[in-house]
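J.: The structure's right below; bear with me while I get my questions together.
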Amino acid sequence: MTNREALQRVLSLYSKGVPAASARLSRRHIWNKLITVRERILTQQINKNQKISQWCYQTVPCVDMIDVPVVECPCVPPLGMYILRSKYKLPAVMASMDKQLFQAVMSMDGSVKYDESEWSSKKYKKGAKYTSTKIDYFIHGEYLWLTATKKPEKLTLSVLGADPIKWYQFGYCCDDQKCIDFLSLEFPVEGSMFESIVELAALELIEGFARRKEDVQSNSRDDVQ
């Protein structure tokens, strides 16, 4: 299912539960509810140590990397190694701190795959006999950092992003973003999970409308009194 189809499915269910005259939802409002429900369900699975389906990850095809002066690096690279950083800050990943959030970080042709590391461990890496030249990545200060023997200009990654469209926008190296219809891209979720997310998103929107309507009526009564 595409992002557009996901939006349309929620709106269709919402319209059946709320009078048409009141169904004045913006696509942004629907989208925010969709991704909130998706994140909640996937985070629950992660916290229960359940394996996340590969269909829930999205491929970010092009992440610009830049060479960073040593004085700006959060750690000193081992001799013969380079530290690179994503050109722009990463969009938000899901709230969980689990390592399942990034399924893969690799070269654009897939020939080189980088292991995950942690910034807190970098201070020990320089003197490590067997791991000092190991190529890996870590997240620090909302940026993706890379320790490598070469300087790749771009990377590809697979991620559980909080907002898939923001990750799509972040990861398409296109001078004119208008050349891509992000709503036509896949809504990253397993097929069996799609209907549950759509139905729950629509239900919460309907319940939210009911609460707002009740509050307005209550205020009106208070004003009259």
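J.: Could you list, in sequence order, all residues of region 138-167 that are within 14 Å of residue 64 (Cβ to Cβ) and either outside the structural domain of residue 110 (by TED's automatic domain parsing) or basic (Lys, Arg) (or both)?
T.: 151, 154
J.: Which of the following residues is touching a residue at least 40 places away in the same chain (Cβ under 8 Å) and under 30 Å from residue 194 (Cα atoms): 61, 74? Give the derivation first.
T.: Details: 74 fails: under 30 Å from residue 194 (Cα atoms).
The unique qualifying residue is 61.
J.: Please go through region 68-96 and pick out each residue that is among the charged types (D, E, K, R) and within 14 Å of residue 151 (Cβ to Cβ). Lay out the reasoning, then the answer.
T.: Pass one, region 68-96, residues among the charged types (D, E, K, R): 72, 85, 87, 89.
Scanning region 68-96 gives 85, 87.
J.: Do we find that residue 170 is at pLDDT below 90, closer than 17 Å to residue 61 by Cβ and of a type in the set (Phe, Trp, Tyr) in this structure?
T.: Numbers: at pLDDT below 90: yes; closer than 17 Å to residue 61 by Cβ: yes; of a type in the set (Phe, Trp, Tyr): yes.
Taking the combined requirement at face value, the residue satisfies it.
The values are calculated or read from the model by the stated rules, or taken from the named source; none is laboratory data. Just so you know, these numbers come straight off a predicted model, no measurement behind them. Methodologically, a virtual Cβ is constructed for each residue, glycine included, from the backbone with ideal geometry; neighbour enumeration extends over all protein chains shown.
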